[in-house]
């Protein structure tokens, strides 16, 4: 487990009972509770339309929930002071922003607002990712626009980095570069990172924690390694499985009825508990977890 | 024509109406149709009661012709939009259906014009010439419109014949050819008319693409222009760069001005609210930034002032007479006043367009929040409006001086209290629609016309009127200012809509 997470006591972000619906729409977030601890790297997973972007925007105070409380750095998100705002980095889903600016203008523009600006990091990434400085952003490829957006978000060394599908337009090499940069950021500065993505292989490489979003709530959040070790798919009769789960003290995550009084249960075993050899159990992959929990 | 192609062609002809319905603009189309019907009704009444016989006949022909051309314009534009290079290459029968739709409509319209001409101008048992000539003229006009919708530069050709064919040498050179064509046509009018129409139909059928790279390029160009026109209808004047490479070259001076301003505000950056908002406005106003608009207003004024000086002192004729009597000054003042209310139309649209960037702006340290942001934004918008308004004033001073007419101030005066319309709840902003854009224009025009009547009858009341307009503006702004402190934080715009 991440050492920063162990050391942390005060959450970077805290959402309690957050409900949010768009005008004339169904609620997207329904009494959602969530905590992000310093140095935590969280991959946010959910089906299309599950509300991941809405959650990230509510987390940053860009959308006001109808109920509940959102706090960042122990401050209400609606009235963050300048010091708190200078500790936030955000990469929105859309990369085609500030199209009339050149990358050089964009970086100078953002630099003018922040008290701290890591020029060496910016220069290094601009050269390594080969971004033309004086070409209008509207004329860059989508991948380059996304890279630039990432550089902009990392440049002031944020303590909280929120990334909404940051790698959707990057090729595998670009994704690898981005992920290594992210890991470096976390290891060097203990940055809290939360990012949504559909590319599960990236999460396997980077996300120490996974948060599965379903029904407007965080259905489950746990470190990836723990989930792969502890979650099993059990198949048997309802009575057998009920007895087994009780005996092991396992948590049922999802039950799927099968024919002839049988069922399939996605269960999380307590740490260090092993299944008896006669149990009909299968290990799960991240893709299985995504399909079952979102 | 197979049944499948026929069905597809009919669906294609329905497309523009269904787009209106899908965009939720069906009701707007009904409003426009009702207004057009009202206009036609008024014109018909005018023709019946007030216009002399000969002129009435001409107008009776001209108005339906304009209507026919407008309908063709709308339908053929839609067909060109449907002529997507991918569909041309991969959808079986797509090209055939497009050609069938275009040709079917064209033949129908040409036949209709020929029939009406035969009924109105022909005599029983007499010559078919009027109907045949009308058919050829209608066919040519429709074909030219279709071609010019595909190749926009052809519109310039409309103006070429006047200076070129007006030259005696050109007319002398062409007259033998014209005489030969006339002789052939008069010998076999039906045959030559049919051959001409067939050639036009072949030309029309060839206007659609083949799915190759030239088709892709042409389609992309047309789509770009269509999007610019749609944005323009919503008060969003795009930068010249949006028009392609030449637009970019022509727009470079304006872009350089904005770049220089951006460099200036970054260089002078400080945590003070004024500095923060000056940097934020570069993003919030985007292509409608005041530096660009002021430059535009200055350029237009220069052209108007040069024109005014020339017409007032150096020319003769009806137009000069109109200037001497001050009528043209009043007409110009209405046109120029439109320029002063441009921010009223463009700023809400710019806020809407920059709403995604605003998500990043509000997270920046130094950006005001809540009511403070609402107030800072409102001040910035008002400053922008007043700057454009006052930049346009020299032209009105010149108009008032040369026209000797107090009422040239009427519409620009009416634009001042309209500034209160700028202050609205931006958090509930919706995508601007054409009707909403029209409302401020119509309101300004209505108030301006009322002021115009007042100043025409009471020119000596100019100063009290100006004080009254100032007081009205201050009262309206004070009322809106109190309201905006109760609204939710303005940015990101439209998030509560």
Out of all the residues in the stretch A:65-80, which are in contact with a helix residue (DSSP H, G or I) (Cβ under 7 Å, 6 or more places away or on another chain), part of a loop (DSSP other than H, G, I, E, B) and closer than 22 Å to residue B:497 by Cα? A:65
For the subset of the stretch A:116-134 comprising residues that are free of Cβ contacts under 8 Å to residues at least 40 places away in the same chain and under 30 Å from residue B:274 (Cβ atoms), which member is surrounded by the fewest Cβ atoms within 10 Å (Cβ to Cβ)? A:134
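Could you check the stretch B:250-262 and list, in sequence order, the residues that are away from chain A (no Cβ under 13 Å) and at pLDDT below 85?
Of everything in the stretch B:250-262, just one residue is away from chain A (no Cβ under 13 Å) and at pLDDT below 85, namely B:250.
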Filter the stretch B:455-472 down to the residues that are surrounded by 18 or more Cβ atoms within 10 Å (Cβ to Cβ) and within 31 Å of the chain's Cα centre (by Cα), then identify the one that is nearest to the other protein chains (Cβ to nearest Cβ). B:469
In this structure, does residue A:72 turn out to be modelled with pLDDT of 95 or more, surrounded by 21 or more Cβ atoms within 10 Å (Cβ to Cβ) and on the phi < 0 side of the Ramachandran plot? yes
Scan the stretch B:303-326 and give yes if some residue there is out of contact with any strand residue (DSSP E or B) (no Cβ under 7 Å at 6 or more places or on another chain) and at pLDDT 85 or above, otherwise no. yes
Take the residues of the stretch A:103-131 that are in contact with a helix residue (DSSP H, G or I) (Cβ under 7 Å, 6 or more places away or on another chain) and part of a loop (DSSP other than H, G, I, E, B): which is farthest from the other protein chains (Cβ to nearest Cβ)? A:129
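Go through the stretch B:271-281 and report how many residues are at the interface with chain A (Cβ under 9 Å from one of its Cβ atoms) and in a loop (DSSP other than H, G, I, E, B).
Of the residues in the stretch B:271-281, 1 are at the interface with chain A (Cβ under 9 Å from one of its Cβ atoms) and in a loop (DSSP other than H, G, I, E, B).
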Is at least one residue of the stretch A:271-279 outside any loop (DSSP other than H, G, I, E, B) and in the same structural domain as residue A:231 (by TED's automatic domain parsing)? no
Among the residues of the stretch A:57-86, how many are within 21 Å of the chain's Cα centre (by Cα), at the interface with chain B (Cβ under 9 Å from one of its Cβ atoms) and over 22 Å from residue A:216 (Cα atoms)? 3
For residue A:137, indicate whether it is touching a strand residue (DSSP E or B) at 6+ places or on another chain (Cβ under 9 Å) and in contact (Cβ under 8 Å) with a residue 24 or more places away in the chain. no
If the requirement is being exposed (fewer than 13 other Cβ atoms within 10 Å of the Cβ) and either within 20 Å of the chain's Cα centre (by Cα) or at pLDDT 85 or above (or both), which of these qualifies: B:275, B:270, B:216? B:270
Note on residue B:247: of the conditions (1) at pLDDT below 80; (2) exposed (fewer than 15 other Cβ atoms within 10 Å of the Cβ), unmet is (2)
Please find, among A:39, A:25, A:43, the residue that is away from chain B (no Cβ under 11 Å) and closer than 20 Å to residue A:290 by Cβ. A:43
crowded, with 18+ Cβ neighbours inside 10 Å, part of a helix (DSSP H, G or I) and within 12 Å of chain B (Cβ to nearest Cβ): does that describe residue A:146? no
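One line per residue, one yes/no per condition, for (1) buried (at least 19 other Cβ atoms within 10 Å of the Cβ); (2) within 30 Å of residue A:26 (Cβ to Cβ); (3) modelled with pLDDT of 90 or more:
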position	(1), (2), (3)
A:222	no, yes, yes
A:225	no, no, no
A:228	no, no, no
A:251	no, yes, no
A:256	no, yes, no
Mind telling me which of the residues B:353, B:377 ends up being modelled with pLDDT under 95 and on the phi < 0 side of the Ramachandran plot? B:353
Which residues, counting only those in the stretch B:282-291, are more than 9 Å from chain A (Cβ to nearest Cβ) and at pLDDT 90 or above? B:284, B:285, B:289, B:290, B:291
Within the bounds of the stretch A:194-210, is there any residue that is out of contact with any helix residue (DSSP H, G or I) (no Cβ under 9 Å at 6 or more places or on another chain) and in a strand (DSSP E or B)? no
Note on the stretch A:217-257: residues in contact with a strand residue (DSSP E or B) (Cβ under 8 Å, 6 or more places away or on another chain) and closer than 22 Å to residue A:206 by Cα are A:218, A:219, A:220, A:221, A:222, A:223, A:224, A:227, A:228, A:230, A:231
Can you pull out the residues in the stretch B:33-43 that are at pLDDT 70 or above and either within 22 Å of residue B:439 (Cβ to Cβ) or surrounded by 12 or more Cβ atoms within 10 Å (Cβ to Cβ) (or both)? B:33, B:34, B:35, B:36, B:37, B:38, B:39, B:40
In the stretch A:87-98, which residues are within 7 Å of another protein chain (Cβ to nearest Cβ) and either more than 15 Å from residue A:163 (Cα to Cα) or more than 20 Å from the chain's Cα centre (by Cα) (or both)? A:97, A:98
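The values are calculated or read from the model by the stated rules, or taken from the named source; none is laboratory data. Remember, it's a predicted structure, so these values are computed and weren't measured experimentally. Glycine gets a Cβ as well: all are built from the backbone with ideal geometry, and neighbour counts include every protein chain shown.
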